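Here is the structure we will look at.
The values are calculated or read from the model by the stated rules, or taken from the named source; none is laboratory data. Since the structure is predicted, the reported quantities are computational estimates derived from the model, not experimental observations. Using ideal geometry, Cβ is built from the backbone for each residue, glycine included, and neighbour counts are taken over all protein chains shown. Side chains included, ligands, DNA and RNA excluded: accessible areas come from the protein's heavy atoms. Shrake-Rupley method; radii C 1.70, N 1.55, O 1.52, S 1.80 Å.
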Amino acid sequence: MSIVLVLVGLVYGGAVTVLHEDTVSPIDEVVYLDYAFKVWEQGVVHEGEKFGDDVAHVVACENVIPFGDLGQKCGSDKVHLAGMPNHGYTTGAGYTPVYFWSVRIIGDPIHAVTGLSEVTSWRISGLVWLAGTLLVLVPLLRRAGVSAVVTLTLGLLFIASPYSWWTYTYLSTDASVVLFGAAILLVAMEVVRGRRSAWWLLPLAALAPIFKITNLLVFGLVLLYLAIDAVARLRRRREGEGASAPTRSARTFWLPVIVAVVVAGAVQVAWMRVIPLLSVSDVVVDQGVATPLTATELVRLMLSGIGGPITHNPFAGFSSSPLPAQIVTPLSWLMIAAVIGAMMVLPWDSDHGPVVWATGVASLTALPALGIMMWGLTHSYFDLPARYGAGLIPAMLLVAGFMLRNRTAVAAALVYAGVLMVFGIGLAVHVGAAY
């Protein structure tokens with residue numbers, strides 16, 4: 001099953017990557033390309049640093065969807081800083097170099113062996129992240145009791161989703177998010193089943209925030225899951241239903257969980273303290289997108305938390321056609337119906353209940369919590385895109401696996417995954433030709 005999905009992901013993702021290779025993604029890829037060009041020479045991108053000649057050349061000759069060349073001239077070795085994002089100052093300083101090391105470690109040999117351009121080869125590194133994600137996602141679903149056919153269906157829907165289209169076929173720091181989301185949840189569920197020690201969460205806690213801060217959201221989900229499971233166990237024990245079950249030692253169970261959460265937070269805080277020390281100027285980038293964090297915005301974040309991450313599709317906002325938005329609407333409905341429906345109709349049991357309710361609560365509260373945390377730490381806020389909640393996609397797919405049992409519904413979902421892939425190929429052709 002894993003191998004089948006990996007092969008489909010590599011073939012589909014590879015085709016999309018090559019077909020749209022003459023364009024630059026609007027999802028911060030300019031920043032990521034600049035970081036990738038610089039990472040071997042200078043280690044990190046510094047706060048207050050300007051974009052380099054290399055990325056300006058790519059922007060000039062390939063164009064950014066849908067903004068064009070941003071005033072750069074193809075063939076020129078001069079950066080027109082006024083035309084670049086933030087007047088030529090990078091916002092890449094917030095990222096550690098670890099993801100960009102992976103881009104070069106994977107992409108540079110591909111460039112050397114295949115002769116593909118540097119940028120295309122670096123983008124293909126995303127397919128390695130996609131393959132790794134599928135290799136963890138499949139065991140997560142299967143060990144939770146999801147059937148092979150449903151696992152295949154959900155895997156294909158994930159591959160065909162807009163999230164995967166944008167994340168794994170362009171440079172994107174989101175490439176690690178679903179992998180860590182699946183791995184952390186899988187370990188947590190194995191801990192609950194008594195198959196692994198909770199200390200396995202510690203290395204994941206140290207690694208996840210190094211790749212992206214939004215990976216921390218998964219630890220909120222895990223804490224909810226473990227807390228709900230603990231309350232359910234305590235209730236069963238008091239009612240005499242779980243009297244024969246072994247008791248959990250706080251030292252062997254909760255101590256490593258708490259240590260893991262603390263380490264995850266500490267890693268991110270430490271990096272935030274390092275960023276100003278590495279700055280090369282006093283310039284603080286104002287992206288011009290700040291907006292008040294209102295009650296209405298918190299409601300918007302809550303409502304977009306379930307269906308929004310996997311269907312995040314910036315092209316829908318740039319296209320005059322309603323099709324890019326309409327074609328992914330059923331995928332959003334499926335996720336919402338699965339998560340909310342599971343909370344409403346699935347009978348409670350010790351295997352499904354805790355993860356279903358933790359997923360539902362986390363999906364609705366993660367993005368608002370992230371917005372509040374952002375405001376509290378920086379005293380500023382911008383409209384968070386739904387993709388920031390992507391670390392919860394594995395949990396939502398898992399819950400969908402519990403709900404997707406009807407053969408007709410599974411067949412319809414398989415057909416729909418095929419339709420999405422055909423559309424994804426068509427979109428890649430259109431983007432590559434039009435921009």
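Considering (1) open to solvent by less than 20 Å² (accessible area, probe 1.4 Å); (2) more than 23 Å from the chain's Cα centre (by Cα); (3) not charged (D, E, K, R), say which one residue 356 fails and leave the rest.
For residue 356, the failing item is (2).
Keeping to region 219-270, report how many residues are modelled with pLDDT under 85, open to solvent by 50 Å² or more (accessible area, probe 1.4 Å) and aliphatic (A, V, I, L, M).
Of the residues in region 219-270, 3 are modelled with pLDDT under 85, open to solvent by 50 Å² or more (accessible area, probe 1.4 Å) and aliphatic (A, V, I, L, M).
Specify the residue that is modelled with the lowest pLDDT; the eligible residues are those in region 291-315 that are out of contact with any Asp or Glu (no Cβ under 8 Å at 6 or more places or on another chain) and surrounded by fewer than 12 Cβ atoms within 10 Å (Cβ to Cβ).
Selected residue: 292.
Just name the residue that is most open to solvent (accessible area, probe 1.4 Å) out of those in region 316-329 that are within 20 Å of the chain's Cα centre (by Cα) and aliphatic (A, V, I, L, M).
The selected residue is 325.
Does region 201-211 hold any residues that are open to solvent by 10 Å² or more (accessible area, probe 1.4 Å) and either among the small types (Gly, Ala, Ser) or touching a residue at least 40 places away in the same chain (Cβ under 8 Å) (or both), and which are they?
Result: 202, 204, 206, 210, 211.
Touching a residue at least 40 places away in the same chain (Cβ under 8 Å), farther than 22 Å from residue 8 by Cα and open to solvent by 50 Å² or more (accessible area, probe 1.4 Å): does that describe residue 387?
no
Just checking, which of 387, 407 is touching a Ser or Thr at 6+ places or on another chain (Cβ under 9 Å), at pLDDT below 95 and not small (Gly, Ala, Ser)?
Result of the check over 387, 407: 387.
Scan region 110-140 for residues that are crowded, with 19+ Cβ neighbours inside 10 Å and of a type in the set (D, E, K, R) and report the count.
Of the residues in that region, 1 qualify.
Scanning region 276-290 for residues that are in a loop (DSSP other than H, G, I, E, B) and of a type in the set (Gly, Ala, Ser), which turns out modelled with the highest pLDDT?
Here the answer is 279.
Just give me the residues in region 163-189 being open to solvent by 10 Å² or more (accessible area, probe 1.4 Å) and farther than 22 Å from residue 121 by Cβ, in sequence order.
180, 183, 186, 187
Is it fair to say residue 98 is surrounded by fewer than 20 Cβ atoms within 10 Å (Cβ to Cβ), of a type in the set (Val, Ile, Thr) and in contact with a helix residue (DSSP H, G or I) (Cβ under 6 Å, 6 or more places away or on another chain)?
Answer is yes for this residue.
State all residues of region 1-47 that are more than 19 Å from the chain's Cα centre (by Cα), open to solvent by 30 Å² or more (accessible area, probe 1.4 Å) and among the acidic types (Asp, Glu); if no residue qualifies, say none.
Matches in region 1-47: 21, 22, 41, 47.
Consider residue 273 carefully, then state whether it is farther than 30 Å from residue 19 by Cα, open to solvent by 10 Å² or more (accessible area, probe 1.4 Å) and in a loop (DSSP other than H, G, I, E, B).
no
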